[in-house]
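Just so it is clear, none of the values below were taken in a lab; they were calculated from the coordinates. Just so you know, these numbers come straight off a predicted model, no measurement behind them. Backbone-built Cβ (ideal geometry, glycine too); neighbour counts: all protein chains shown.
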Amino acid sequence: MFTLEKFLENATAITILLAFVGYLATAWSARMLARRKDKLELVNRRLNEFYGPLYIALQAGNIAYRSLLKKQGKKQSFPILDGEMKEWMLWMTTIFMPLNDIREKIIIEKAYLIVEEQMPQCLLDFVTHVVGYKAVLAKWAEGDYSERRSTIGWPPEFDVYVERSYAALKARQTELLHSYPWRHYHRMFGRKRS
């Protein structure tokens, strides 16, 4: 038989159960938000201190390089002819090496922010390319123009690596910034990523 006393006992038990479930849900939600916040902070650091500056310097360097080639009416800088040497030295010392120095400093000082567990080979190759140019510029400063380029070539994988990593981190940042329903809708109906 259903009595008021039984109803109150059940109501108390249900209230306690609901309070406990609410507590668990709140604790789980707080933990998930904290994890998401930590992930977002790491992505932001990687973008702000490593991949973002590398990306911007890469794009600026590529635009400047194409501009120099266009000015000289060439498709590639090699070989550097005697008549082009003065212009090449000017661009190397005022544009390309300062950008290289920025990128080298970022790679050396902020290597702990790379996404991979191991240092990507293209980053090491880039640093050795820059070191090679430092030797060339030191010779130029002494009046020796026998070398015109670094003996260590530009690693073409560097550009691809920086661009892909930057794009992937920007996508991850966007994903972390938006709510679950927005992310779910975007995954279902948004444009496909390549």
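Arrange THR93, THR3 by Cβ neighbour counts within 10 Å, fewest through most, would you?
Working: THR93 13, THR3 8.
Ranking THR93, THR3 by Cβ neighbours within 10 Å, fewest first, gives THR3, THR93.
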| task | Taking a cut-off of 18 Å between Cα atoms, list the aspartates and glutamates near LYS6, but don't count ones fewer than 8 places away on the same chain. | result | none
| task | Among the listed pairs LYS86/LYS110; LYS75/LYS170; LYS74/LYS105; LYS134/LYS170; LYS70/LYS170; LYS110/LYS170, give every one whose C-alpha distance is greater than 27 Å. | result | LYS86/LYS110; LYS75/LYS170; LYS74/LYS105; LYS134/LYS170; LYS70/LYS170
| said: How far apart, in nanometres, would the label points at ARG164 and LEU69 be if each is projected 7 angstrom from Cα along the Cα-to-Cβ direction? | reply: 2.2 nm
| field | All-pairs alpha carbon distance profile, the chain, 10 Å steps from 0, percent | value | 7, 24, 22, 15, 11, 7, 5, 4, 3, 2, 0
| remark: Rounded to the nearest 0.05, FRET efficiency between ALA34 and VAL131 (Cβ-Cβ, R0 25 Å) equals 0.05
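Over the chain, calculate the relative contact order: mean separation of alpha carbon pairs under 8 Å at least 6 apart, over the residue count, as a percent. Display every interim value, and only then the final one.
Numbers: 96 pairs, mean separation 52.5, N = 194.
Contact order relative to length: 27 percent.
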| Quick one: net charge of LYS39's neighbours, Cβ under 12 Å, K/R +1, D/E -1? | +3
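Past the 14 angstrom mark, what percentage of all C-alpha to C-alpha distances in the range 1-85 do you count? Don't skip to the answer; put the middle values down first.
Details: 2860 of 3570 pairs.
Summing the P(r) of the range 1-85 above 14 Å gives 80 percent of all pairs.
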| note | If the chain between LEU42 and ALA13 were fully extended at 0.36 nm per residue, the gain over the current Cα-Cα distance would be 6.1 nm
| said: Placing +1 on the Cβ of each Lys and Arg and -1 on the Cβ of each Asp and Glu in the range 108-173, which of ILE152, VAL127, ALA171 has its Cα farthest towards the positive end of the resulting dipole? | reply: ALA171
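Go ahead and run the numbers for FRET between LEU177 and ASP82, Cβ-Cβ distance against an R0 of 41 Å, rounding to 0.05.
Working: r = 54 Å, r/R0 = 1.32.
Efficiency computed from Cβ-Cβ geometry: 0.15.
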| Debye, to nearest 20: dipole size of the chain, +1 on Lys, Arg Cβ, -1 on Asp, Glu Cβ | 780 debye
